[in-house]
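J.: Below you will find the structure I want to go over with you.
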Amino acid sequence: MAEDATLDKRALRAELRERRRTRPAHQVDTANEGFTARLTELATETGARTIAAYLSNSFEPNTRPFLNWALGDGRRVLLPIARQDGLLDWAEGDGETETEGLYGMPEPVGGILGPIAINDADLIVIPASAVDVTGTRMGWGRGYYDRTLGSMEKCPPVYAVVFDDEVLDEVPREVHDAPVDGIVTPTRILRFERR
C-alpha cells in the first residue's frame, strides 16, 4: 500500500511540475501579487514576529516580496538550509543575499543557527506541490519538512503555499506525511482544524 502511495505521488508530482512549468507568465505575475497579499494578511492576523519561510525557486510561488515586507516590518525571518543528512538548518534572512544550496535550491547567506532555531517561529510557511482539502500536504519528495515538523515538540501554525488549482480533493498520503494547519493561495487563506 505504501508503495502505491509513493508511485501515485511520483506521477502527481510530475504532472504538477509540468503544470507549473507551462503556466503563462501573466497568470504567474497575477498569482504572485495574490500570494504576497495573502501571506501578509496571514502574518498580520497571527501577529507572528518570527516567521520561518523559504526562498522560492523559479517554478514556485514567489515568496520574496512577502519576505521583504516581513523584514521591512521588523519581523524576524528564518530561512532553511538543506543538509546532506536530511535535516534543515536555519539562518536569518536579510532579503538580499542568497546562494545556490543543495539540490540547486536558493538558500540564505549568513550564520547557521541549526535545526532547533525553527522552535522560535510563531508561523511556518512551507512549499508544497499540492495540498488536499483535509490538510494533507504533498511536498516535492525529499521529506525535509515532514522530518522537521514531525520532530517539533510545540509546533506553531504551518501553512503551505500553492496555486489555486493545486488544492485537490485528495492527495496520496503516507504515514510520515506531516499535515498543515492551512493553505495560502493567491485568492484565499484556507484553515483546517488542528489535529
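J.: Let me have the 222 nm mean residue ellipticity of the chain computed from DSSP H runs of 4+ only, each contributing -39500 (n - 2.57), with the sum over all residues rounded to the nearest 500.
T.: Roughly -10000 deg cm²/dmol at 222 nm, from the helical runs in the chain.
J.: Tell me the carbon and sulfur percent of the accessible area for region 1-98, rounded to whole percent, probe radius 1.4 Å.
T.: Its accessible area is 50 percent carbon and sulfur atoms.
J.: Taking the chain as a Gaussian network, Cα atoms linked when under 10 Å apart, which of Pro61, Pro115, Pro179 shows the biggest mean-square fluctuation?
T.: Pro115
J.: Which of the GluC sites (Glu not before Pro) found in region 56-142 are in a DSSP loop and have at most 16 neighbouring Cβ atoms, other than their own, within 10 Å?
T.: In loop regions of region 56-142 (DSSP not H, G, I, E or B), the sparsely surrounded GluC sites (Glu not before Pro) are Glu96.
J.: Would you mind telling me the antiparallel percentage of the DSSP bridges in region 1-107, rounded to 5?
T.: Given both bridge residues lie in region 1-107, the antiparallel proportion sits at roughly 70 percent.
J.: Could you work out the relative contact order of the chain, using alpha carbon pairs under 8 angstrom and six or more residues apart, expressed as a whole percent?
T.: So the answer I get is 22 percent.
J.: Something else about it: For the chain, give the magnitude of the charge dipole about the Cα centre (Cβ charges: +1 Lys/Arg, -1 Asp/Glu; no others), in debye to the nearest 20.
T.: 40
J.: Here's something else I'd like to know. Please report the antiparallel percentage of DSSP beta bridges with both residues in region 81-188, rounded to the nearest 5.
T.: The answer is about 45 percent antiparallel.
J.: Further question on the same structure: I want the antiparallel fraction of DSSP beta bridges within the chain, as a percent rounded to 5.
T.: The answer is about 50 percent antiparallel.
J.: Continuing with the same structure: What ranking of Ser58, Ser129 comes out by heavy-atom accessible area, probe 1.4 Å, highest first?
T.: Ranking Ser58, Ser129 by accessible area, largest first, yields Ser58, Ser129.
J.: Now a separate question. Give me the number: length gained by fully extending Phe59 to Leu102, i.e. 0.36 nm times residue separation minus the C-alpha to C-alpha distance, one decimal in nm.
T.: Computed gain between Phe59 and Leu102 is 13.8 nm.
J.: May I ask which residue of Tyr145, Leu113, Ile126 lies farthest towards the positive end of the charge dipole of region 104-195, with charges of +1 (Lys, Arg) and -1 (Asp, Glu) on Cβ and the Cα centre as origin?
T.: Leu113
J.: With a ≥ b ≥ c the root eigenvalues of the C-alpha gyration tensor of region 145-188, is it rounded (a/c under 1.5), prolate (a/b larger than b/c) or oblate?
T.: Oblate, because a/c is 1.5 or more while a/b does not exceed b/c.
J.: Is the chain best put as rounded, prolate or oblate by its Cα gyration tensor, with a ≥ b ≥ c the root eigenvalues, rounded for a/c under 1.5, and otherwise prolate when a/b is larger than b/c, oblate when not?
T.: It is rounded, given that a/c, with a ≥ b ≥ c, falls under 1.5.
J.: Please go through region 134-188 and write out the trypsin sites (Lys or Arg not before Pro) that DSSP classes as loop and that have at most 10 other C-beta atoms within 10 Å.
T.: Lys154
J.: Taking springs between alpha-carbon atoms closer than 10 angstrom, which of Glu15, Glu166, Glu45 fluctuates most in the Gaussian network model of the chain?
T.: The residue with the greatest mean-square fluctuation here is Glu45.
The values are calculated or read from the model by the stated rules, or taken from the named source; none is laboratory data. Keep in mind the model is a prediction, meaning the values are calculated, not measured. Backbone-built Cβ (ideal geometry, glycine too); neighbour counts: all protein chains shown. Note: accessible area is taken over every heavy atom of the protein model, side chains too, but ligands, DNA and RNA are not part of it. Shrake-Rupley method; radii C 1.70, N 1.55, O 1.52, S 1.80 Å.
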